[in-house]
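Visitor: One structure, pasted below without further comment.
The values are calculated or read from the model by the stated rules, or taken from the named source; none is laboratory data. Here the structure is a predicted model, which means the values were calculated and not measured. We place every Cβ from the backbone using ideal geometry, glycine too, and count neighbours over all the protein chains shown.
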Amino acid sequence: MSKVLIIDDDLKICLFFSKLLKQMGFSFEIAHTLKGGRALFENQKFDLVLLDLELPDGNGLELLPVFTDAYSSPEVIIITGTGDARGAELAFKYGAWDYVQKPFLLDEVSLPITRALQYRKEKLAAPHLIPLVRPAIVGESDAIRKCLEEVGKASATDASVLITGETGTGKELFAKAIHENSKRAGKPFIAVDCGALPETLIESTLFGHEKGAFTGAGKKQEGLLVQADGGTLMLDEVGDLPLTAQKSFLRTLQERSVRPIGGNRELQLDIRLVAATNLDLDQMVTKNLFRQDLLYRIRAMEIKLPPLRDRQKDIEEIVVKKLHELSNKYRMETKAISPEFFQVLSKHNWPGNVRELVNVLEYALASASNYPTLFPKHLPPEYRMSELSFDPVLKKDLKPSPMGIEKNNQLPTFNVYRAKLEKNYLKELINRSTGDRKAACKISGISQSRLYGLLNKHGLPGFGSADAANPSRLSLNKFVPDSHKQE
């Protein structure tokens, strides 16, 4: 029996759907808030979600990615009392089945419910995809499994695929996975970084050229498109293609042939195109930086890769696999990994994603040298900061405030502004010298007595017996003259 989750704060609407779903022979659960709906979804399996947008604790669209990105991925029908074109656009972008406005007629909701559950039943009954070849793609989180499903679909066709995601998310690995699981496996896989090619050489590199076609063309060169014939061409950072090259490349895709620069005949091509970018190509189209017709051509299918911060469950598995690979690469003994090492890594936001993580692991291996186990001390210092906690008052006192002056703010007097800069300098001096008065004097170039006077002038910590009594301030006691320290 199909199961439906109703999320709506309108009791009359909930009562209506309760009666309708009973008549249709479906079971259901009801929630009146985003929080309640999410709690039900996390503990039960549903085939369909009827989602209101205006809820007491937020907009229903906030939950839509949670439903569509989940491995169970129920169908979602948006039920709303406001005709919001932007809301409808976002709903369909995230894969909602339908968008129904209140008030509605019985047929306007019963038919979408029937069709959505019929589709769901057929989808679950369809033969499972053949297991993917994915030696380089690590992880079993819901986010990565959804992407792998898309890889499976893409591999079964020759349609052009656009892979999007932040830098370091593994776009080339997914492009290779599409190739290795397709009928073109075993044929050439040619990857080219469009951002690394000089603009004057892009067309020559892609299309090839004849001898003497231009100054410096001393011999005939076969283009990457011809090299990829029969296989897959990956255009990495496709958003960096200049407009002139975009026009030529679009013609090649349309005609499925290429003419080398200086050549007099067309060469027929059989290639599968996979493009990748970390840029917003739709936004580039509006700014006339990317051709819309080319975007249509390269985005028959799109796979959006999640950032590592949304794949926390995968970090440990990635670390283990990458450390094993790095150990083999550098001919080192495989090291044990302490739980604390994993804990520190799990707290980081990873703006550079998997690429950044691999770089940190290389640092850790070099830092550990011959030690058999990796601990947090083997990580770069900036990554260890996440495991520390500071006294709120001390942290606030020592955090430098901005030194600039906002244009909209009133300009302070010279003396006031100079005092502000002076105080900020002292705060930064304390941070950089880690509470060591000798180091502070050496860095600042001022005498110890002058330093004490300035700290006292601005009321900064470091004087008085209260600091010695407060463990959170002990690091600053080095600024207190020996004659003032408590025994």
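Visitor: Return a yes/no flag: does the range 346-364 have any residue that is free of Cβ contacts under 8 Å to residues at least 12 places away in the same chain, surrounded by 12 or more Cβ atoms within 10 Å (Cβ to Cβ) and assigned to a helix (DSSP H, G or I).
Guide: Yes, because at least one residue in the range 346-364 is free of Cβ contacts under 8 Å to residues at least 12 places away in the same chain, surrounded by 12 or more Cβ atoms within 10 Å (Cβ to Cβ) and assigned to a helix (DSSP H, G or I).
Visitor: Among the residues of the range 257-281, write down those that are without any contact (Cβ under 8 Å) to a residue 24 or more places away in the chain and among the hydrophobic types (A, V, I, L, M, F, W, C).
Guide: Within the range 257-281, no residue meets the criteria.
Visitor: How about the range 321-343: which of its residues are in contact with a Phe, Trp or Tyr (Cβ under 8 Å, 6 or more places away or on another chain) and surrounded by fewer than 19 Cβ atoms within 10 Å (Cβ to Cβ)?
Guide: SER338, GLU340
Visitor: Considering the range 1-50 alone, what residues qualify as being of a type in the set (Gly, Ala, Ser) and touching a residue at least 24 places away in the same chain (Cβ under 8 Å)?
Guide: Just the residues of the range 1-50 that are of a type in the set (Gly, Ala, Ser), to begin with: 2, 18, 25, 27, 31, 36-37, 39.
Within the range 1-50, SER2, GLY25, SER27, ALA31, GLY36, GLY37 qualify.
Visitor: Shifting gears a bit: Out of everything in the range 407-429 that is modelled with pLDDT of 80 or more and of a type in the set (A, V, I, L, M, F, W, C), what residue ends up being farthest from MET385 (Cα to Cα)?
Guide: ALA419
Visitor: Based on this model, can you work out whether LEU224 counts as without any contact (Cβ under 8 Å) to a residue 40 or more places away in the chain, touching a helix residue (DSSP H, G or I) at 6+ places or on another chain (Cβ under 6 Å) and within 19 Å of ASP158 (Cα to Cα)? Let's see the steps before the verdict.
Guide: Working: without any contact (Cβ under 8 Å) to a residue 40 or more places away in the chain: yes; touching a helix residue (DSSP H, G or I) at 6+ places or on another chain (Cβ under 6 Å): yes; within 19 Å of ASP158 (Cα to Cα): yes.
Yes.
Visitor: For the range 1-25, which positions are under 38 Å from the mean Cα position of the chain (by Cα), crowded, with 18+ Cβ neighbours inside 10 Å and not β-branched (Val, Ile, Thr)? Before the answer, list the steps.
Guide: In the first step, residues of the range 1-25 are kept if they are under 38 Å from the mean Cα position of the chain (by Cα); the result is 1-10, 13-14, 17.
Right, trim to crowded, with 18+ Cβ neighbours inside 10 Å and you get 2, 4-8, 13-14, 17.
Result: SER2, LEU5, ASP8, CYS14, PHE17.
Visitor: If you don't mind, another one. Name every residue in the range 192-228 that is assigned to a strand (DSSP E or B) and either hydrophobic (A, V, I, L, M, F, W, C) or not assigned by TED's automatic domain parsing to the domain that holds GLU172 (or both), in order of residue number.
Guide: Step one: list which residues in the range 192-228 are assigned to a strand (DSSP E or B), which gives 192-193, 208-209, 221-222.
Matches in the range 192-228: VAL192 only.
Visitor: Could we say that LEU243 is buried (at least 19 other Cβ atoms within 10 Å of the Cβ) and more than 27 Å from the chain's Cα centre (by Cα) here? Steps first, answer last, please.
Guide: Details: buried (at least 19 other Cβ atoms within 10 Å of the Cβ): no; more than 27 Å from the chain's Cα centre (by Cα): yes.
Against the criterion (buried (at least 19 other Cβ atoms within 10 Å of the Cβ) and more than 27 Å from the chain's Cα centre (by Cα)), LEU243 does not qualify.
Visitor: Looking at (1) at pLDDT below 95; (2) out of contact with any Pro (no Cβ under 8 Å at 6 or more places or on another chain); (3) not small (Gly, Ala, Ser), can you tell me which one PHE174 breaks?
Guide: (1)
Visitor: Return yes when LEU206 is surrounded by 13 or more Cβ atoms within 10 Å (Cβ to Cβ), in contact with a strand residue (DSSP E or B) (Cβ under 8 Å, 6 or more places away or on another chain), modelled with pLDDT of 90 or more and not basic (Lys, Arg) and no when it is not. Break it down into steps so the answer makes sense when it comes.
Guide: On the way: surrounded by 13 or more Cβ atoms within 10 Å (Cβ to Cβ): yes; in contact with a strand residue (DSSP E or B) (Cβ under 8 Å, 6 or more places away or on another chain): yes; modelled with pLDDT of 90 or more: yes; not basic (Lys, Arg): yes.
So LEU206 fits the description; yes.
Visitor: Among the listed residues ASN288, ASN264, ASN278, which satisfies the condition of being in contact with an Asp or Glu (Cβ under 7 Å, 6 or more places away or on another chain) and surrounded by fewer than 19 Cβ atoms within 10 Å (Cβ to Cβ)?
Guide: Details: ASN288 fails: in contact with an Asp or Glu (Cβ under 7 Å, 6 or more places away or on another chain); ASN264 fails: in contact with an Asp or Glu (Cβ under 7 Å, 6 or more places away or on another chain).
Of the residues listed, the single one that is in contact with an Asp or Glu (Cβ under 7 Å, 6 or more places away or on another chain) and surrounded by fewer than 19 Cβ atoms within 10 Å (Cβ to Cβ) is ASN278.
Visitor: Of the conditions (1) under 20 Å from ARG259 (Cα atoms); (2) in a loop (DSSP other than H, G, I, E, B), THR157 fails just one. Which one is it?
Guide: Unmet condition: (1).
Visitor: Right, next: Quickly run through the range 195-216 and pick out the residues that are in contact with a Gly (Cβ under 8 Å, 6 or more places away or on another chain) and of a type outside the set (Asp, Glu). Steps first, please.
Guide: Going through the range 195-216, the residues in contact with a Gly (Cβ under 8 Å, 6 or more places away or on another chain) turn out to be 204-214.
Listed by number, the residues that qualify are SER204, THR205, LEU206, PHE207, GLY208, HIS209, LYS211, GLY212, ALA213, PHE214.
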